[in-house]
Amino acid sequence: MGADIPDSTLVDWCGRAMKVLAPLIERIEADVMGSDLLHADDTPIRVLDRSQRDKGLGKGVKKGRIWAYIRDQRPWAGTAPPGAVYAFAPDWKEEHVHRHLAKTRGILQADGYKGYAKLYDPDPDGTPRLREAACWAHLRRDFHDEWDKTKSAIAREALDRIGALYDIEREITGRPADIRLAARQTHSAPKVAAFFAWAERQLALIPGKGDLAKAFRYGLSRKDAFSLFLSDGRVAIDNNPAERALRPIGIGRKNWLFAGADTGAETLARAMTIIETTKMNGLDPQAYLADILARINDHKINRLDDLLPWNWSPLPATLPEAA
């Protein structure tokens, strides 16, 4: 037999646990967001809004956003541990990503969300704070949607050309950055140059208002961002790490309605940060959280980094005292 615990009580417990773990989560956030190469993506999330319900506006549900920022150096044999940071915002305004990425410098791999645009602008000295790395999987989906809908031979050729780049990537995943770079310079760079030259020719021949032309223009307008992986072996060909990190939220999106307010969605983001980072480091989240929650209040504050997922070791089991 089990106890029937109200959702509100479970949510309250989760919120209290995240408050206890706040110093640890803040350390994860600082470590990951201080990286010089991040993946970023976002997804909508429906949140209960009781203020709207009181006014008789529908079901009292509003749309917020969850952002995910991912560090994953495993594809290029980097030494930093993988980690994920999730952040909730009540809307899709660019001010949120500017705040999230305020201290980040280096390369940002993301989609074409316009809120990132100012982050790629050069500083007064002419050096951009962030360089944009575009996602070939995102571009491929645009051509796949067109081929699926119209069976366009041009869309099919675009898919084949992009597929040839992925064939090369499968051979070098997990290899050091210098080896990846050499392979891309030799094999991928000519194919990328040929793709964009071919795209320019096709764009001049097809109707300018169709989805196929839109896909070509998206790629050509971000040619430099799509080519960045050719000059840096650390850069991925796509943004799939961030998209995978948002998948659990997409699958269970209706379940998040119990949050009841923005504070509930913020609790979700903090919980996802620690759970996903734990999983990325090969740990069982339940075992990790049970151990951490049992010891964090007595743990020395200046030794808190010992409890980070990539540093954690469980306390040894103690034998019962003899009678």
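In table form, for the structure just shown:
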item: Members of region 104-128 that are hydrophobic (A, V, I, L, M, F, W, C) and within 20 Å of Val32 (Cα to Cα); result: Ile107, Leu108, Ala110, Leu119
item: Scan of region 145-158 for residues that are over 20 Å from Ala236 (Cα atoms), touching a helix residue (DSSP H, G or I) at 6+ places or on another chain (Cβ under 6 Å) and assigned to a helix (DSSP H, G or I), ordered by number; result: Glu146, Trp147, Ile154, Ala155, Arg156
item: Scan of region 177-202 for residues that are under 14 Å from Leu228 (Cα atoms), polar (S, T, N, Q) and surrounded by 15 or more Cβ atoms within 10 Å (Cβ to Cβ), ordered by number; result: Ser188
item: Given (1) open to solvent by 50 Å² or more (accessible area, probe 1.4 Å); (2) of a type outside the set (Val, Ile, Thr); (3) at pLDDT 95 or above; (4) closer than 30 Å to Pro176 by Cα, index of the condition Arg247 fails; result: (3)
item: Filter result (surrounded by 16 or more Cβ atoms within 10 Å (Cβ to Cβ) and within 16 Å of the chain's Cα centre (by Cα)) within region 74-91; result: Pro75, Pro81, Pro82, Gly83, Ala84, Val85, Tyr86, Ala87, Phe88, Ala89
item: Filter pass, Ile70 being out of contact with any His (no Cβ under 7 Å at 6 or more places or on another chain), hydrophobic (A, V, I, L, M, F, W, C) and surrounded by 19 or more Cβ atoms within 10 Å (Cβ to Cβ); result: no
item: Output for region 74-92, where each listed residue is under 24 Å from Leu283 (Cα atoms) and out of contact with any Pro (no Cβ under 7 Å at 6 or more places or on another chain); result: Pro75, Gly78, Thr79, Ala80, Pro81, Pro82, Gly83, Ala84, Val85, Tyr86, Ala87
item: Flag for Asp36 being among the acidic types (Asp, Glu), exposed (fewer than 15 other Cβ atoms within 10 Å of the Cβ) and modelled with pLDDT under 95; result: no
item: From Gly210, Gly174, residue being modelled with pLDDT under 95 and surrounded by fewer than 14 Cβ atoms within 10 Å (Cβ to Cβ); result: Gly210
item: Residue among Arg234, Arg184 that is assigned to a helix (DSSP H, G or I) and of a type in the set (Lys, Arg); result: Arg184
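Let's see how each residue does on (1) without any contact (Cβ under 8 Å) to a residue 40 or more places away in the chain; (2) aromatic (Phe, Trp, Tyr); (3) at negative phi:
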site	(1), (2), (3)
Leu283	yes, no, yes
Asp291	yes, no, yes
Ile301	no, no, yes
Asp306	yes, no, yes
Trp310	no, yes, yes
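The values are calculated or read from the model by the stated rules, or taken from the named source; none is laboratory data. Quantities reported herein were computed from a predicted structural model and do not represent experimental measurements. No Cβ is skipped: glycine too gets one built from the backbone with ideal geometry, and neighbour counts run over all protein chains shown. Please note that ligands, DNA and RNA were not included when accessible areas were found on the heavy atoms of the full protein model with its side chains. Shrake-Rupley method; radii C 1.70, N 1.55, O 1.52, S 1.80 Å.
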